[in-house]
Amino acid sequence: MYSFVNVHKRYGLRNVALRKINLDIERGSFFVLYGPAGAGKSTMLNLLGGITRPTSGDVQRDGVSLLPLPPERRAAAMAFENYALYSHLSVGENLAFPLKARKMGRAEIEDRVKRIACMLGIGHLLDRRPGFLSGGQRQRVALGRAIVRPADIYLLDEPIGHLDAKLRHQIRAELKALAQDLNATVVFTTTSSREALALGDRIAVLNLGKLEQVGTPADLYHKPDNAFVASFVGDPPMSFVSLRVEGDGADARLCSLAGERLAGGEHIGRFKQMTDLRAGFRAEAVTLGAAGRAGTLAGRVDVIEHLGYANIVVVNVGDDQVSVSLPPETTLRAGDRVGIAIDTEKFQLFQGDRALEGRA
Ligand code: ADP
Ligand code: MG
């Protein structure tokens, strides 16, 4: 297990890159660090690889501090977003380089290089120099150079960020399979929600140097701890509708600000004193009905996004916006009035930006 223990990282006096990070990364897991640019993802990888030191706190492997170990003694293989390849060497020689440096036998080197090149779709480029490659091809060579060699931990910093969608999809699947084969620990950073959910055994959501939540893809998707995670994980993001509690005791009910009833029941009274309540829910939890139908919230279609396999319809409900996933043959248009029905089993209550325990 790799651990961050109370890690703080500051660049210079003011620039705080990481705040009090406590995080465990299981051996053999595919761990994703997910966050916007500037969140601190690369800094965390560099701390694991020994390229940077924490300002305070510790980075450990199996409970033993890694700080005394220089990068070359950490058995870590790193691939950076800004790849640097040896321009005077061919692709094949670039891939073989880390293996030759470890004095691996010729046959094994050839074997490994071929396998990785094939997986990354660069097998036909082995004789070419990096200067004659496209950006996407160079990125694949850089990734290959990192994963071609045996290591305890692979640190992959947005390694497929520059590839087109089809290639990303393909390499994503192969990377996951390869990691399982090697039983390797992989720490992978990305700014793509899709990539994070598809690859991660566990995902840490990082924002402004702070860990917002750590969990499985399902945890983050269905039970976000806060509004940042809810709106950053999944596409479309979680929608929110503002609520208030009306009535008392058995008559208590959760209502939209327009007074439409969302859910009722005795236990709702416990939210009575709370202000700033919101229901958070996924597009799949919403069905659309005719405007004015009982049990629905009144809304008006704002935008329709055509995804091919589905249409995401964004509906204005009061001041809130709700995303609904509908079949592609939807005939709705912007401006149409509709009724929104939210599955009460599938929404989560929030107060302000924090998720509340338990359901309504
Ligand atoms: P990410 O990889 O998530 O985009 P980084 O770890 O690169 O985030 O950066 C986190 C913060 O630390 C940012 O505010 C960035 O400007 C700052 N930072 C990163 N590296 C340096 C550096 N070498 N010197 C000064 N500030 C840095
Ligand atoms: Mg980065």
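Over segment 51-158, what relative contact order in percent results from Cα pairs under 8 Å that are six or more residues apart?
Relative CO of segment 51-158 lands at 40 percent.
Distance from the Cα centre of segment 169-223 to that of segment 279-315, in angstrom?
Between the Cα centres of segment 169-223 and segment 279-315 lies a distance of 29 Å.
Just to verify a number: what accessible area does Tyr34 come out at with the full protein assembly present, 1.4 Å probe, Å² rounded to tens?
10
Projecting each Cα onto the charge dipole of segment 88-231 (Lys/Arg +1, Asp/Glu -1 at the beta carbon, about the Cα centre), which of Leu89, Ser134, Val113 comes out farthest on the positive side?
Of the listed residues, the answer is Leu89.
What percent does the relative contact order of the chain come to when contacts are Cα pairs within less than 8 Å and at least six residues apart?
Relative contact order for the chain comes out at 15 percent.
Counting Lys and Arg as +1 and Asp and Glu as -1, each charge on the Cβ, what is the dipole of the chain about the Cα centre in debye, to the nearest 20?
I would put it at about 1340 debye.
Sum up the lysine pairs in the chain that clear both bars: alpha-carbon distance under 26 Å and a spacing of 8 or more or different chains.
Counting lysine pairs in the chain gives 21.
Sort the following peptides by mean Cβ neighbour count (other Cβ atoms within 10 Å, averaged over residues), highest first: 248-258, 124-134.
248-258, 124-134
As I understand it, the value is the acute angle between the Cα axis of helix 91-100 and the longest principal axis of the Cα atoms of the chain; what does it come to in degrees, rounded to 10?
70
Starting from the amide H of Leu67, placed 1.01 Å from N in the peptide plane, find each other amide H under 5 Å away whose residue is 5 or more places distant or on another chain.
Val59
Below 13 angstrom from the Cβ of Arg202, what's the summed charge of the other residues (Lys, Arg +1; Asp, Glu -1)?
-3
Any idea what angle helix 106-119 forms with the longest principal axis of the chain, computed on alpha-carbon atoms, 0 to 90 degrees, nearest 10?
Compared with the principal axis, the helix lies near 30 degrees.
Can you classify the chain as rounded, prolate or oblate using the Cα gyration tensor, where a ≥ b ≥ c are the square roots of its eigenvalues, rounded means a/c under 1.5, and otherwise it's prolate if a/b beats b/c and oblate if not?
prolate
Keeping every protein chain in place, order Arg168, Arg293 by accessible area at 1.4 Å, biggest value first, i.e. largest first.
Arg293, Arg168
Let me cross-check Thr275: its accessible surface, 1.4 Å probe, with only protein heavy atoms counted, in Å² to the nearest 10?
100
Can you sort Tyr2, Tyr221, Tyr11 by solvent-accessible area, 1.4 Å probe, largest first?
Tyr11, Tyr221, Tyr2
Computing the accessible area with a 1.4 Å probe over protein heavy atoms, can you report the carbon and sulfur percentage for segment 81-144?
50
Heavy-atom accessible area of Asp111 with all protein chains present, probe 1.4 Å, nearest 10 Å²?
Looks like 110 Å² after rounding.
Per residue, how much accessible surface does the chain expose to a 1.4 Å probe? Answer in Å², no decimals.
Normalised by residue count, the accessible surface of the chain is 48 Å².
On the protein heavy atoms, probe 1.4 angstrom, tell me the percent of accessible surface of segment 203-360 carried by carbon and sulfur.
Ligands and nucleic acids excluded, carbon and sulfur give 49 percent.
Positive end of the charge dipole of segment 204-321 (Lys, Arg +1 and Asp, Glu -1 on Cβ, about the Cα centre): tell me which of Ser239, Gly264, Val314 has its Cα farthest that way.
Gly264
Whole-Hz Karplus ³J(HN,Hα) for segment 182-192, in order, using 6.51 cos²θ - 1.76 cosθ + 1.60 and θ = phi - 60°, x for Gly and Pro?
Values, residue by residue: 7, 6, 8, 8, 10, 10, 10, 9, 7, 10, 9 Hz.
The values are calculated or read from the model by the stated rules, or taken from the named source; none is laboratory data. Here the structure is a predicted model, which is why all the values come from computation and not from measurement. Methodologically, a virtual Cβ is constructed for each residue, glycine included, from the backbone with ideal geometry; neighbour enumeration extends over all protein chains shown. Keep in mind that these areas ignore ligands, DNA and RNA; they rest on the heavy atoms of the full protein, side chains included. Shrake-Rupley method; radii C 1.70, N 1.55, O 1.52, S 1.80 Å.
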